[in-house]
Amino acid sequence: MTEIAPATVDNAWLDKLKDANLKLETYRSLVQGEVVRKALEDKVVADASKPGPQRHVLEISIQAPQTPPGAKAIKVRHILFSPKHDPSGASALPADDPSWTVAQLAAQAEYDKLKADPSKSDELARKDSDEQSAQGETGTGGKLPYFDETSQVDQAFADAILKDGLNPGELLPPVKSAFGWHVIQVMYRPPDVDQMKKLRDQAIAGTDFSQLARDNSEGPEAGKGGDLGFVAQGQLDARLSRAIFATPIGQVSEVVDVPNVGTFLFKVLAEETKTPDATQLQLLQQRAFTNWYGEKKDDVTVSRNLLVDSGITQ
C-alpha cells in the first residue's frame with residue numbers, strides 16, 4: 001500500500017449508474033440489503049458476546065452425504081496395514097515382496113483381537129492403522145463415508161463391503177487391496193437419522209455417551225469423546241443451540257437433522273453463566289450471524305435474479 005485516499009462524495013454517481021445502464025431502484029435495493037445485513041450481523045454478534053448461560057456438552061455428529069446414497073449404500077470402518085507402512089507405495093511393490101506378508105500377518109492378528117472384542121475397533125484404528133487420517137485423537141478412527149455400487153473404490157474392497165447379507169457390527173476377514181490389508185467392520189446402512197436414533201436409545205439406556213461418540217461420531221472431537229467444552233448461544237447453528245439449551249442437565253437431547261449439514265445428538269453435562277472467552281468471541285464474530293440466519297434461510301425459497309432482470313445489461 002502506498003496511499004490512503006480520504007473519503008469523498010461522488011456527486012456524479014447517479015449519472016454514472018445511468019451511463020452504465022443500471023437501474024437506480026436496483027442499486028438502492030442492493031445497497032439497502034447490504035446495510036440491513038450488516039446491522040443484523042452487528043446486533044446478533046453483540047448479543048451473543050454478552051455474559052450468559054453456557055452449556056458443557058458432548059456431541060455425536062454424522063456429516064450429511066454429498067450425494068444421496070445408492071440402493072446398496074453402506075458405511076464401514078477399517079484398519080489398514082500397508083507393506084512397509086506406506087499405503088501410497090504399496091501398489092508399486094511386487095506381489096511376492098515379503099512386506100506384503102508382514103502386513104497380512106499384522107492384519108490377521110488385529111482381526112483376531114477384534115473378534116475377541118469388537119468394541120475396540122475405533123481405539124485400535126487410531127493406534128495401529130497405516131491410514132494417516134485415521135490416527136490419533138484428531139483422526140477418524142477409520143470411519144469411512146457411504147460406499148455404494150457407483151463409488152470409485154478399490155474393487156477388492158468394494159466386493160467385500162457391498163456383498164449381500166452383511167449386518168451392522170459384523171467383522172470381515174482381512175481384505176487385500178492395492179493399498180494393503182484391511183480389517184473391516186460394518187457400521188450401518190442409511191439413513192443417518194435412523195442410526196442416530198439408535199444411538200440415542202443406547203445412551204438413554206446407560207451406554208457411555210463418550211464411548212458412543214468415539215465409536216460413531218464424525219466430528220473433529222470424536223477422539224476425545226465428542227467433548228465440545230462449554231458452548232455459548234450463537235456459537236453453533238440455531239437449531240443445534242435450541243436443542244442443547246432445551247435439554248435438562250445430565251440428559252440427552254433429541255436428534256437434530258440439519259439439511260445438507262448433518263445429524264446431531266448431544267449430552268448436556270453442566271451449565272454456567274460465563275462471558276465468552278477469546279476463542280469463543282472469535283467464533284462468534286465469524287459465525288454467529290450465519291448460525292442465526294441459516295435456519296431462517298432454509299425456511300424460505302430463495303430466487304436469484306438474472307443480471308438482465310436486475311437492470312444490469314452489460
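Checking the table Lys198/Lys274; Lys75/Lys127; Lys127/Lys274 against a 30 Å threshold on Cα-Cα, which pairs fail? From the list (Lys198/Lys274; Lys75/Lys127; Lys127/Lys274), the Cα-Cα distance tops 30 Å for Lys198/Lys274; Lys127/Lys274. For the stretch 67-78, 3J(HN,Hα) computed residue by residue from phi via the Karplus equation (6.51, -1.76, 1.60; θ = phi - 60°) reads 10, x, x, x, 4, 9, 4, 8, 10, 9, 10, 8 Hz, glycine and proline entered as x.
In terms of the mean number of neighbouring beta-carbon atoms within 10 Å, the peptides 158-166, 252-260 order highest first as 252-260, 158-166.
Counting only protein heavy atoms and a probe of 1.4 Å, the accessible surface of the stretch 161-314 is 50% carbon and sulfur. In terms of the Cα gyration tensor, with a ≥ b ≥ c the square roots of its eigenvalues, is the stretch 128-222 rounded because a/c is under 1.5, prolate because a/b exceeds b/c, or oblate? Because a/c hits 1.5 or more and a/b fails to exceed b/c, the stretch 128-222 counts as oblate.
Shape of the stretch 65-132 from the C-alpha gyration tensor: oblate (a/c of 1.5 or more and a/b not above b/c, with a ≥ b ≥ c the square roots of its eigenvalues). Under 18 Å Cα-Cα from Lys224, which aspartates and glutamates qualify once same-chain neighbours fewer than 8 residues away are excluded? In chain and number order, the partners are Glu59, Asp122, Glu123, Asp128, Glu137, Asp208, Asp215. Can you classify the stretch 193-282 as rounded, prolate or oblate using the Cα gyration tensor, where a ≥ b ≥ c are the square roots of its eigenvalues, rounded means a/c under 1.5, and otherwise it's prolate if a/b beats b/c and oblate if not? Verdict is prolate for the stretch 193-282. For the pair the stretch 38-96 / the stretch 171-194, the C-alpha centres are spaced 17 Å from each other.
The alpha-carbon of Lys38 sits under 21 angstrom from the alpha-carbons of these lysines, leaving out residues fewer than 8 places away in its chain: Lys50, Lys296, Lys297. Note that the chain, at 37 °C in a medium of 0.692 mPa s, gets a Stokes-Einstein diffusion coefficient of 141 µm²/s from its Kirkwood radius over C-alpha pairs.
Checking the table Lys113/Lys176; Lys113/Lys197; Lys115/Lys176; Lys72/Lys143 against a 21 Å threshold on Cα-Cα, which pairs fail? The answer is Lys113/Lys197. Rounded to the nearest whole Hz, the Karplus-based 3J(HN,Hα) values (6.51 cos²θ - 1.76 cosθ + 1.60, θ = phi - 60°) of the stretch 99-113 follow the sequence 5, 5, 5, 4, 5, 4, 5, 5, 5, 5, 5, 5, 4, 5, 4, with x at glycine and proline. Given the options Thr263, Thr207, Thr301, state which has the largest fluctuation in a GNM of the chain using a 10 Å cut-off (strictly under) for Cα springs. Largest GNM mean-square fluctuation: Thr301. About the centre of its Cα atoms, the chain shows a dipole size close to 620 debye [charges on the beta carbon of Lys, Arg (+1) and Asp, Glu (-1) only; nearest 20 debye].
Using only side-chain charges placed at the Cβ, +1 for Lys and Arg and -1 for Asp and Glu, the dipole size of the stretch 10-64 relative to its Cα centre rounds to 120 debye. The residues of the stretch 1-143 have, on average, 63 Å² of accessible surface per residue, using a 1.4 Å probe with all protein chains present.
The label point for Glu123 and the one for Lys163, both projected 7 Å from the Cα toward the Cβ, are 2.9 nm apart. Principal semi-axes of the equivalent ellipsoid, √(5λ) from the alpha carbon gyration tensor of the stretch 155-314, are 35, 27, 16 Å from largest down.
Under a 5 Å amide H cut-off, with hydrogens placed 1.01 Å from N, Lys143 pairs with His78 among residues at least 5 apart or on other chains. Search the structure for amide H atoms under 5 Å from the amide H of Lys72, placed 1.01 Å from N in the peptide plane, and list their residues when 5 or more places away or on another chain. When sequence neighbours closer than 5 places are left aside, the close amide H contacts are Glu149.
The values are calculated or read from the model by the stated rules, or taken from the named source; none is laboratory data. The structure presented is a predicted model; accordingly, all values stated were derived computationally and were not measured. Glycine also receives a Cβ, built like all others from the backbone with ideal geometry; neighbour counts cover every protein chain displayed. The protein model used for the area step is the full one, side chains on, heavy atoms only, and it has no ligands, DNA or RNA in it. Shrake-Rupley method; radii C 1.70, N 1.55, O 1.52, S 1.80 Å.
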